[in-house]
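The values are calculated or read from the model by the stated rules, or taken from the named source; none is laboratory data. Only a predicted model underlies this, so the values are computations on that prediction, with no experimental measurement involved. Every residue, glycine as well, gets a Cβ built from its backbone with ideal geometry; the counts of neighbours run over all protein chains shown.
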Amino acid sequence: EQEVAEYRKSLAIRVSGFDVPRPVKTFEDCGFAPELMRAIAKQGYEKPTTIQCQALPIVLSGRDVIGIAKTGSGKTASFVIPMIVHIMDQPELQKEEGPIGVICAPTRELAHQIFLETKKFAKAYGIRASAVYGGMSKLDQFKELKAGCEIVIATPGRLIDMLKMKALTMMRATYLVLDEADRMFDLGFEPQIRSIVGQIRPDRQTLLFSATMPHKVEKLAREILSDPVRVTVGEVG
Ligand code: ADP
Ligand code: MG
């Protein structure tokens, strides 16, 4: 414990919450299946980044997480890789409809980046991911969602449109990620985020990532996360 505390201090890592799982040092420590280890190696990821060392074991344990770290620190993989494990752990994957993993991001560019990162890990398992954001034909997106997927990566506005059109149901969703939560608030997406969260079962796993934690984001986090572990890397505003 002393060793973990000193290691965290040396890297400007702060972790708070009850019974926090120990950080990992390697991807092997995470106990991933061989297919996933191969997908990770294929990306050229040799070892987890600082935030990944802390967040991966916590997310994999099923806990809610607030992750705060600057851009470029590798936050995406710390929610995408455990999402693949979460989906593969579902019994009778094919029986129900609608996404299991739902990721909200502020802009189409970010949603697309997350989509590309997700595909790299989902492919090995035949898990289907759909990207849902403005600028694409609503009809095409409707059809794609109707065909079915296990993961949706979306901007909040377009996801609400698709839910209203009944292109998908959130009945099966158990893994929710709010990425770049501060930017989603800056762009005025708070009502859409609240509406989406309200349509997902309360016993879901919820992960919130942000570069900063303004009061409004803090308030939302307190309302929608259960007993979260907070991981902060570096000095953030
Ligand atoms: P953030 O969301 O924190 O801004 P990203 O998840 O976009 O950061 O990651 C930033 C870059 O680091 C990406 O190009 C990603 O492919 C790369 N990356 C992520 N994890 C690792 C890793 N473990 N080893 C090497 N590169 C990584
Ligand atoms: Mg990011």
Which residue is modelled with the lowest pLDDT, if the candidates are limited to region 212-237 and must be in a loop (DSSP other than H, G, I, E, B) and hydrophobic (A, V, I, L, M, F, W, C)? 236
Which numbered condition residue 17 fails, given (1) in contact (Cβ under 8 Å) with a residue 40 or more places away in the chain; (2) surrounded by 18 or more Cβ atoms within 10 Å (Cβ to Cβ); (3) away from ligand 1 (no atom under 11 Å from the Cβ): (2)
Whichever residue in region 48-67 is of a type outside the set (Gly, Ala, Ser) and in a loop (DSSP other than H, G, I, E, B) and, among such residues, is farthest from ligand 2 (Cβ to nearest atom): 63
Hits in region 151-201 - residues which are closer than 11 Å to residue 104 by Cβ and in contact with a His (Cβ under 9 Å, 6 or more places away or on another chain): 153
Kindly evaluate residue 111 against the criterion of being away from ligand 2 (no atom under 16 Å from the Cβ), surrounded by 14 or more Cβ atoms within 10 Å (Cβ to Cβ) and outside any strand (DSSP E or B). no
Region 114-170, subset among the aliphatic types (A, V, I, L, M) and assigned to a loop (DSSP other than H, G, I, E, B), residue surrounded by the most Cβ atoms within 10 Å (Cβ to Cβ): 168
Would you point out the residue of region 41-56, among those that are loosely packed, with under 15 Cβ neighbours inside 10 Å and in contact (Cβ under 8 Å) with a residue 12 or more places away in the chain, that is farthest from ligand 1 (Cβ to nearest atom)? 42
Among (1) farther than 15 Å from residue 204 by Cβ; (2) more than 16 Å from ligand 1 (Cβ to nearest atom); (3) of a type in the set (D, E, K, R); (4) part of a loop (DSSP other than H, G, I, E, B), residue 70 falls short only on (2)
Considering every residue within region 79-86, establish whether at least one is more than 12 Å from ligand 2 (Cβ to nearest atom), at pLDDT below 95, in contact with a helix residue (DSSP H, G or I) (Cβ under 9 Å, 6 or more places away or on another chain) and over 25 Å from residue 220 (Cβ atoms). no
Matching residues, region 99-126, being modelled with pLDDT under 95 and not charged (D, E, K, R): 124, 125, 126
What single numbered condition from (1) at positive phi; (2) of a type outside the set (Phe, Trp, Tyr); (3) crowded, with 17+ Cβ neighbours inside 10 Å; (4) touching a Lys or Arg at 6+ places or on another chain (Cβ under 8 Å) fails to hold for residue 180? (4)
Going through region 186-197 in order, the residues found to be surrounded by fewer than 18 Cβ atoms within 10 Å (Cβ to Cβ) and under 17 Å from the mean Cα position of the chain (by Cα) are 194
